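Below is one structure, written out as C-alpha cells, with a few remarks after it.
No value in this document is a laboratory result; all are computed from the given coordinates. Values in this document were obtained by computation on a predicted structure and should not be read as measured data. Every residue, glycine as well, gets a Cβ built from its backbone with ideal geometry; the counts of neighbours run over all protein chains shown.
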Amino acid sequence: FVHGEAAFVKEIRRYLRVERQIPLQQLSISGYWRLGQNDDAWREVKREWNEQVEREQEGPGAAA
C-alpha cells in the first residue's frame, strides 16, 4: 500500500514493479496529490498520468 505525492510514488512504483518484479495485482499504489497542483487540477490529469506511468514501466526496456 503506497499512496502519496505523485512524483515520489512514481519512483516507488518503478522500484516495486520493475526492479522487484511485484505483480500489479499485489500492489495498491496511487499518487494522491501532485506538488504544485490543487486537488481539482490533479484530478483532471490523474488518470492520464497513471496510464502514462504504467506504459513507461511496462514497455520494452522497462527492466533495464
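Residue count for segment 8-27 satisfying the condition of being surrounded by 14 or more Cβ atoms within 10 Å (Cβ to Cβ) and in contact with a Lys or Arg (Cβ under 9 Å, 6 or more places away or on another chain): 1.
The residues of segment 29-60 that are aromatic (F, W, Y), under 20 Å from F1 (Cα atoms) and either in contact with a His (Cβ under 8 Å, 6 or more places away or on another chain) or part of a helix (DSSP H, G or I) (or both), listed by number, are Y32, W49. Checking the structure you have, find out if any residue of segment 6-28 is within 14 Å of the chain's Cα centre (by Cα), part of a loop (DSSP other than H, G, I, E, B) and of a type in the set (D, E, K, R). No: segment 6-28 contains no residue that is within 14 Å of the chain's Cα centre (by Cα), part of a loop (DSSP other than H, G, I, E, B) and of a type in the set (D, E, K, R).
Of all the listed residues (E5, E48), the sole one being exposed (fewer than 11 other Cβ atoms within 10 Å of the Cβ) and acidic (D, E) is E48.
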